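The values are calculated or read from the model by the stated rules, or taken from the named source; none is laboratory data. Quick caveat, the model's predicted, so the values are computed rather than measured. We place every Cβ from the backbone using ideal geometry, glycine too, and count neighbours over all the protein chains shown. The protein model used for the area step is the full one, side chains on, heavy atoms only, and it has no ligands, DNA or RNA in it. Shrake-Rupley method; radii C 1.70, N 1.55, O 1.52, S 1.80 Å.
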Amino acid sequence: MKKPRNEMTITFLSRSANEAFSRSAAAAFFSQLDPTVEELADIKTAVSEAVTNCIVHAYRDTLGKIRMTARIYDGGEIYIQVKDSGCGIPDVKQAMEPLFTTCETGERAGLGFAVMQSFMDKVSVRSAPGKGTAVTLRKTLSQRSGDEAGE
């Protein structure tokens, strides 16, 4: 496995206010690569969806911890993992289908994973009922200068 050039991990409670915090933290971390405005918006949107899933679905009406790890690899490749220790997903394939939701109030559209997939190059999900879920997001950012940003 490749060694990251830089890495950070943060842990925060599954409070809705922390969705904005996680999105901003990811954007700040990846800013060292000098991404385009569009790339930064893609990262923020995908992180927002992943963290919101933890808040709304993994922990439902309780508080739990969410851990976000962000890594930068050579060539502008980024890695983000959003992990919870919540209820888990019994059927990941079904959960990733557009419009599927476990929300019974009708307030959720069931598009979180579809949104993540549209903004990232690769999305993978590992989950076990009762043990939690890890969503991994990967994307290669454009390299806009002759030498790599962040050096």
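Values for this structure:
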{"item": "Matching entry among T36, T62 (being of a type in the set (S, T, Y), at pLDDT below 95, out of contact with any strand residue (DSSP E or B) (no Cβ under 6 Å at 6 or more places or on another chain) and over 18 Å from V135 (Cβ atoms))", "result": "T62"}
{"item": "Residue match in region 44-64 (condition: open to solvent by 40 Å² or more (accessible area, probe 1.4 Å), at negative phi, touching a Lys or Arg at 6+ places or on another chain (Cβ under 8 Å) and not in a helix (DSSP H, G or I))", "result": "yes"}
{"item": "Among (1) of a type outside the set (A, V, I, L, M, F, W, C); (2) over 13 Å from the mean Cα position of the chain (by Cα); (3) more than 19 Å from Q117 (Cα to Cα), the one test that H57 misses", "result": "(3)"}
{"item": "Any pair with Cβ under 6 angstrom, 6 or more apart, that starts in region 65-79 at a residue that is buried (at least 22 other Cβ atoms within 10 Å of the Cβ) and ends at one that is among the basic types (K, R)", "result": "I72/R5; I78/K139"}
{"item": "Check on S48, under 26 Å from A95 (Cα atoms) and in contact with a strand residue (DSSP E or B) (Cβ under 6 Å, 6 or more places away or on another chain)", "result": "no"}
{"item": "Among (1) without any contact (Cβ under 8 Å) to a residue 60 or more places away in the chain; (2) open to solvent by 20 Å² or more (accessible area, probe 1.4 Å); (3) in contact with a strand residue (DSSP E or B) (Cβ under 6 Å, 6 or more places away or on another chain), the one test that L13 misses", "result": "(3)"}
{"item": "Filter result for A20 (surrounded by 12 or more Cβ atoms within 10 Å (Cβ to Cβ), small (G, A, S) and either closer than 20 Å to T136 by Cβ or modelled with pLDDT under 95 (or both))", "result": "no"}
{"item": "Identity of the residue in region 93-151, open to solvent by 50 Å² or more (accessible area, probe 1.4 Å) and of a type in the set (A, V, I, L, M, F, W, C), that ends up modelled with the highest pLDDT", "result": "F119"}
{"item": "Enumeration of residues in region 69-92 that are in a strand (DSSP E or B) and within 18 Å of Q117 (Cα to Cα)", "result": "A70, E77, I78, Y79, I80, Q81, V82, K83"}
